[in-house]
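See below for the structure under consideration.
What follows draws every value from the coordinates through simple rules; no lab data is involved. The model shown is predicted, which means the values in this text are computed figures rather than measured ones. As a convention, Cβ positions derive from the backbone with ideal geometry for all residues, glycine included, and neighbour counts pool all protein chains shown.
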Amino acid sequence: MSRDVQVFGLYLSTYIIVIISIDRCMAILDPISKNRGPHRVKVMIGIAWILSAVFSMPQVRTTGHLARGIVSDSKLNNRDE
């Protein structure tokens with residue numbers, strides 16, 4: 001569980017930094033439209049949370065399979081012994 005949260009946090013922090021960069025770029029390129037800024041940022045943060053959840057799902061599934069022993073050691077090591 002903690003590993004899954006770490007992966008989610010990794011994706012989320014990356015997307016938030018990208019959102020901050022995009023917001024600052026938009027503020028510099030079009031300073032007059034700052035009335036739309038708070039709504040735009042809320043939408044972009046919501047999208048960042050959704051994308052983080054979606055892209056961290058493979059890690060959650062892999063961790064769950066490993067914890068239940070579904071994936072054998074030979075599949076993990078990619079060896080044919």
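Worth a mention:
- The residues neighbouring Gln59, those whose beta-carbon lies less than 10 Å from its own, together hold a net charge of +1 under the Lys/Arg +1, Asp/Glu -1 convention.
- Between Asp30 and Val5, the simple label model (points 7 Å from Cα in the Cβ direction) yields a spacing of 3.9 nm.
- By definition, a body whose alpha carbon gyration tensor gives a ≥ b ≥ c is prolate when a/c is 1.5 or more and a/b is larger than b/c, and the range 1-60 fits this prolate description.
- For the pair Ile17 and Met57, the difference between a 0.36 nm per residue extended length and the Cα-Cα distance amounts to 12.3 nm.
- Ile47 sits among other residues whose Cβ lies under 13 Å from its own Cβ, and their net charge, with Lys and Arg +1 and Asp and Glu -1, is +1.
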